[in-house]
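The structure under discussion appears below in the form of structure tokens.
The values are calculated or read from the model by the stated rules, or taken from the named source; none is laboratory data. On a predicted model such as this, the values are computed, not experimentally measured, just so you know. Glycine also receives a Cβ, built like all others from the backbone with ideal geometry; neighbour counts cover every protein chain displayed. Remember, those area values only see protein heavy atoms, side chains included, never the ligands or the DNA or RNA. Shrake-Rupley method; radii C 1.70, N 1.55, O 1.52, S 1.80 Å.
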Amino acid sequence: PCSGGYLAECLAGVLGQTARPAEVIVVDDSSTDATPDVAGRYAARSVKYLRVECGNVNLSRLAGMQATTAGMLCFLDADDRLAPDYLAAAVAALDADPGAAIAYTDMETFGADKGRMVHPRDPSRADITRENYIHAGSVVRRVAVESVRTLELPKLSLSLEDWELWRAIMADGWRAVKTPSVYH
């Protein structure tokens, strides 16, 4: 995948959070672009770089998770951007509800497909088995991801891997909470 062109903007958004993340790891799964160079420009700001040859989003995310000790995780793709309050809002929501494992938001697309996707405000009225209203860049408790072990299964397609993870976590008894921030 050629994602190095977006990575600098993604990292700038992560490092510009009102609540700085404890760890930032760029997992480069077999790229052939400038991803190593772009990630290297952020090494002085404690961004770690991890090269893997998985060719699989689940296994790449698992490698990233195993390279960190953080209690809460946010799996981003290089073309994702976060509102400045994104992580602070997610952590506050999860801290306030020990039975919630996932903090999600509305999603705003940019570029040619500009628009806003409004996700259910009350997840108890939504059915995660019928509709994926939780985007891939949601914040999730590490313990929930580890308990369902979904990332250990190679994903055959390049879509819906996040939905499989969220469904497994919620089937395990966890809840999701919505925060007022925005994921781009």
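Just one of (1) in contact with a Pro (Cβ under 9 Å, 6 or more places away or on another chain); (2) modelled with pLDDT of 95 or more fails for A101. It is (1).
Across the stretch 44-74, the qualifying residues are those that are touching a Gly at 6+ places or on another chain (Cβ under 9 Å) and in contact (Cβ under 8 Å) with a residue 40 or more places away in the chain, and the one among them that is farthest from A8 (Cα to Cα) is L73.
Does E164 satisfy the condition of being of a type in the set (D, E, K, R), modelled with pLDDT of 95 or more and either part of a helix (DSSP H, G or I) or buried (at least 19 other Cβ atoms within 10 Å of the Cβ) (or both)? Answer is no for this residue.
For the stretch 77-99, a residue qualifies if it is of a type outside the set (D, E, K, R) and either open to solvent by 50 Å² or more (accessible area, probe 1.4 Å) or farther than 29 Å from D29 by Cβ (or both), and the qualifying residues are P84, V91, A92, A93, A96, P98, G99. Within the stretch 81-100, residues that are among the β-branched types (V, I, T) and part of a helix (DSSP H, G or I) have Cβ atoms under 9 Å from residues that are surrounded by 15 or more Cβ atoms within 10 Å (Cβ to Cβ) and modelled with pLDDT of 95 or more in these pairs: V91/M72; V91/A103; V91/V139, counting only partners at least 6 apart in sequence or on another chain.
If you go through the stretch 130-147 and keep only what is in a loop (DSSP other than H, G, I, E, B) and either open to solvent by less than 10 Å² (accessible area, probe 1.4 Å) or in contact (Cβ under 8 Å) with a residue 40 or more places away in the chain (or both), you end up with Y133, I134, H135, A136, G137, S138.
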